[in-house]
1. Tabulate in residue order the Karplus-calculated ³J(HN,Hα) for the stretch 507-512, using 6.51 cos²θ - 1.76 cosθ + 1.60 with θ = phi - 60°, rounded to whole Hz; enter x for Gly and Pro.
2. For the chain, with the dipole built from +1 on Lys and Arg beta-carbon atoms and -1 on Asp and Glu ones, taken about the Cα centre, which of 119, 475, 229 lies farthest toward the positive end?
3. Once you wrap a convex hull around the alpha carbon atoms of the stretch 441-583, what is its projected area averaged over all directions, in nm²?
4. Express in nm, to one decimal, how much length is gained between residue 13 and residue 511 on full extension, taking 0.36 nm for each residue of separation and deducting their alpha carbon distance.
5. Pairing the Cα long axis of helix 135-149 with the longest principal axis of the chain, what angle in degrees results, from 0 to 90 and rounded to the nearest 10?
6. As I understand it, the value is the acute angle between the Cα axis of helix 442-457 and the longest principal axis of the Cα atoms of the chain; what does it come to in degrees, rounded to 10?
7. Which of the aspartates and glutamates could a cross-linker bridge to residue 96, judged by Cα under 17 Å and excluding same-chain residues fewer than eight apart?
8. Averaging the inverse of every distinct alpha carbon separation and then flipping it gives the Kirkwood radius. What is it for the chain, in angstrom units?
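What follows draws every value from the coordinates through simple rules; no lab data is involved. Keep in mind that this is a model prediction, so the values were computed, not measured. Counting neighbours? That spans all protein chains shown, and the Cβs are built from the backbone with ideal geometry, glycine included.
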Amino acid sequence: MNVTALDWGIIAAFFVISLLIGLFTAKTAGSSAKEFFLSGRNMPWWLLGVSMVATTFSADTPNLVTDFVRKTGVAGNWAWWAFLLTGMMTVFVYAKLWRRSEVTTDLEFYELRYSGKGAAFLRAFRAIYLGVFFNVVIMASVSLAAIKIGGVMLGLSPVQTLLIASVVTVIYSSLGGLKGVLLTDFFQFFIAMIGSFGAAYFILDLPEIGSLSNLLAHENVSDKLNFLPDFEDPNVYIPLFILPIAIQWWATWYPGSEPGGGGYIAQRMLSAKDEKNAMGATLFYNVAHYALRPWPWIIIALSSLVLYPNISDLQEAFPNIPVDKLGDDLAYSAMLTYLPTGLIGIVLASLIAAVMSTLSTHLNWGSSYIVNDFYLRFIKPEATDKQLVAVGRISTVVLMTLSAILALALSSAIHAFNILLQIGAGTGLIFILRWFWWRINAYTEISAMIISFAVAIFFEVINPNLELIAIPEEQSYLKLIYSVSITTIGWLLVTFFTQPEKDEVLLSFYRKVKPAAYGWKKVLDRFPAEKQEIGQLPKEIGLMLVGTVMIYSALFSTGFFIYSNMLGGIIGAVISIICTVIIVRAWKNLN
């Protein structure tokens with residue numbers, strides 16, 4: 001690949017601007033822990049929304065989409081498209097509840113909603129479990145994408161790639177705190193969008209592709225275009241569509257798509273100016289994430305089937321790539337090697353931006369858990385703001401180092417995606433219900449966490465070796481069904497066999513957050529003087545469904561237009577516009 005001085009100049013300018021943003025915000029970020037982790041709770045919806053989108057626009061995301069498309073066609077994307085339901089529920093139901101809670105992190109929620117040793121254990125354990133273990137796995141999958149991009153496009157070794165990617169990210173993340181991350185995300189988002197759209201446009205013009213119509217008619221591509229899977233084969237449509245849309249979106253915990261919000265999405269909502277800005281940020285994120293971004297990635301993935309129809313073709317073209325890093329996800333980076341001078345620099349900068357925006361968010365989010373929910377809460381409650389910021393900066397370096405080490409052991413984006421889904425299987429319903437059902441207690445969450453992890457270890461480590469339960473390879477989706485069922489039954493039994501939280505704890509939470517009273521009536525009826533907030537939950541759920549239809553219609557309308565199906569495109573666009581009007585008219589009355 002011919003990377004010229006112009007390309008290197010574009011990349012260098014990108015690095016310099018990112019570092020300058022970190023330096024510019026360093027003084028403010030270092031003034032207090034609240035500034036470092038929440039930017040003073042004064043952020044507007046548009047900046048937070050763009051940051052959410054930039055974070056999920058990781059370099060491993062187009063790789064993952066490419067993996068899905070090459071293996072199972074466009075319909076394979078339902079594995080992540082189904083999470084739109086979670087996202088829209090967060091917009092209309094949970095965003096204002098999170099902002100109303102006024103916690104510093106979503107883990108601090110545990111000692112607001114629960115009490116005693118169980119709540120303290122949950123907060124401490126999940127600070128390490130999510131802030132370190134889960135966070136490192138996520139960042140490792142992002143770093144794996146960086147390794148593949150560096151190896152294919154620049155001929156760099158995995159270690160060289162990780163050193164370059166991590167050093168700059170650690171510097172501006174540790175200096176600028178969340179405000180530095182948000183501002184850098186804003187800049188990086190537009191670089192990333194320009195890069196992905198520019199790459200798709202140029203690749204369609206390659207002689208081997210010819211045009212969009214030639215691509216869609218190609219024998220390697222024509223059977224990969226359907227939005228829905230083949231409903232004649234249950235081993236195809238169950239894992240690709242039925243499972244994600246019926247179970248996966250509400251039952252599993254996945255970073256960025258947590259049922260009920262959470263993680264770095266909650267961090268953004270908690271740093272918003274007010275409830276409306278928290279809702280606006282998450283709405284913008286879902287529109288951009290699901291309706292705006294996927295098609296350039298899909299077009300490049302489909303194009304790769306023409307030039308590199310098999311993994312052996314990738315291996316032959318890039319012999320320097322280690323065998324354990326070869327996979328269908330490598331095809332995205334392979335296609336980018338065809339780009340011309342100048343555009344190569346922009347696309348490389350966009351991919352670097354995608355890596356850095358995700359890593360920086362996860363570094364700040366993970367260190368917020370370590371500092372606020374472990375160090376300050378359990379190690380040194382009297383710590384000064386200066387000490388807390390220092391610990392945050394040190395933990396940022398440690399997290400990046402651990403993720404880089406793990407990245408060298410991973411093989412594919414789908415591998416990491418499936419591991420995370422399996423570990424969180426069956427816990428999602430708790431995160432939805434705990435705001436609205438008084439009976440959920442700390443032991444509900446502890447048991448779900450233990451059971452889901454144990455079941456994941458059984459299916460991913462023990463069963464493959466001992467074959468205690470026969471699961472044919474083509475029915476591997478049964479593992480997720482078994483995991484969700486076992487975990488859900490387990491935590492429900494624990495919930496009903498353990499004592500509920502004390503009334504004073506439940507009332508304190510209810511008064512502060514003001515959820516709809518439907519699931520709290522048994523407690524509230526014991527206190528006749530307590531006002532029962534009726535809320536707007538039915539309307540909010542209705543708007544969640546309208547918003548889901550709006551975004552899916554926009555997504556598929558775009559797809560129909562790309563496929564030259566004008567009638568389908570127009571119908572999808574009209575439906576999306578009607579849903580948009582409904583949401584705009586209802587928005588002003590959502591309190």
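1. Per-residue couplings from phi come out as 5, 4, 5, 4, 5, 6 Hz.
2. 119
3. Mean projected area for the stretch 441-583: 13.9 nm², to one decimal.
4. Values: separation 498, 0.36 × 498 = 179.28 nm, distance 5.05 nm.
Going from the current span to full extension adds 174.2 nm.
5. Value to nearest ten degrees: 10.
6. 30
7. Of all the aspartates and glutamates, those that pass the test against residue 96 - Cα under 17 Å, at least 8 places apart if same chain - are 106, 108, 258, 274, 275, 533, 540.
8. Numbers: mean 1/r = 0.0407 Å⁻¹.
One decimal place: 24.6 Å for the Kirkwood radius.
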